[in-house]
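Okay, so here's the structure we're looking at.
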Amino acid sequence: MLVCVWLVSSLIHMISGCFLPALTEVTGYTRDSVVLPCCCTEGQPTLNSARWIFSSRGSDITLWSYPNTVNDRYKDRVNISATPGNLSLRLSDLTLSDEGFYRCKASTAIDRDIRLTVKGCVLSDSEPIDITGFTGNSVILPCACTNVQTKPERVTWSTHKGSQTIVIIPQLPANGGRYQDRVQVLDSISPGYDRYKDRVIISATPGNLSLHLSDLTLSDGGTYRCEADGNYRDISLTVIHRFDELCLKV
């Protein structure tokens, strides 16, 4: 999304006396957007200069300044609706590192401070689980955020076989014909490791990270790990031969 800053001539002719309320708390979620409000409640200031400042861990960054300067870190993520009396900032595609204090500064106006809290995915259940599947069939490896509408900043599915770790999602470089045509991924997550091409589906619901693995083979057995925003869940998958399934039913 392009940076859109609407600064009209009327903004230059505001009258003094703007009062900006004190500290405000705002909560957002990773990959989503928030509006940081900065509106005059008493009059409108003469705007000779204005800026938004981000403070975190003792350092300050000017993310936007009048008339149209945006810090590279925030390029394509900032919208300022700079209409008379309104310097509210819209910040999109949130990351966990965006959490901190923001200050709106306008000439002749009292500064406004906003504390932004950014929440990522918290897994609804992080306890290990055992799943059993049968060769040729499909299986669902469950993993979900507490809020299923949460959009995790980063999602990784991997499997562990002995000392080897194979990253299924996101995709790694091709690793030979053995894994060709076995992975299929839905939603915005990149296609996975070639071994699973056309066999893996991720739910299109942002916070439902469950993995659907089809056309099971005995070699698919092992430990799988779902990771999202620093949280993880381990799933132990046991694959039984289809003929053994028939014997179990006798």
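A few points about this structure:
- Subtracting the Cα-Cα distance of D76 and T132 from 0.36 nm times their residue separation leaves 15.6 nm of extension gain.
- Label-zone membership for the stretch 106-145, site T69, 7 angstrom Cα→C-beta point, backbone N under 16 Å: 106-107
- Extension gain for T24 to R115 (0.36 nm times residue separation, less C-alpha to C-alpha distance): 32.1 nm.
- Most positive-pole-ward Cα, G100, G120, L141, against dipole of the stretch 84-153 from beta carbon charges: G100
- Of the residues F101, F54, F134, ranked by 1.4 Å probe accessible area with the largest first, the sequence reads F101, F134, F54.
- Among residues other than P128 with Cβ under 13 Å from its Cβ, the summed charge is -2 (Lys and Arg +1, Asp and Glu -1).
- Residue-by-residue Karplus 3J(HN,Hα) for the stretch 130-141, coefficients 6.51, -1.76, 1.60, Hz, glycine and proline x: 9, 10, 10, x, 10, 3, x, 8, 10, 8, 10, 9
- If you take all other residues with their beta carbon under 13 Å from the beta carbon of N79, and give Lys and Arg +1 and Asp and Glu -1, the sum is +1.
- Neighbourhood charge, 13 Å Cβ-Cβ cut-off, centred on I114 and excluding it, Lys, Arg +1 and Asp, Glu -1: 0
- I240 accessible area, 1.4 Å probe, all protein chains in place, Å² to nearest 10: 40 Å²
- Residue-by-residue Karplus 3J(HN,Hα) for the stretch 155-164, coefficients 6.51, -1.76, 1.60, Hz, glycine and proline x: 10, 9, 10, 9, 10, 10, 10, x, 8, 9
- Placed amide H near T95: partners under 5 Å, 5+ positions off or other chain: R31
- Heavy atoms of E127: accessible area, 1.4 Å probe, square angstrom to 10: 120 Å²
The values are calculated or read from the model by the stated rules, or taken from the named source; none is laboratory data. Only a predicted model underlies this, so the values are computations on that prediction, with no experimental measurement involved. No Cβ is skipped: glycine too gets one built from the backbone with ideal geometry, and neighbour counts run over all protein chains shown. Quick note on the areas: whole protein, heavy atoms, side chains included, nothing else; ligands and nucleic acids left out. Shrake-Rupley method; radii C 1.70, N 1.55, O 1.52, S 1.80 Å.
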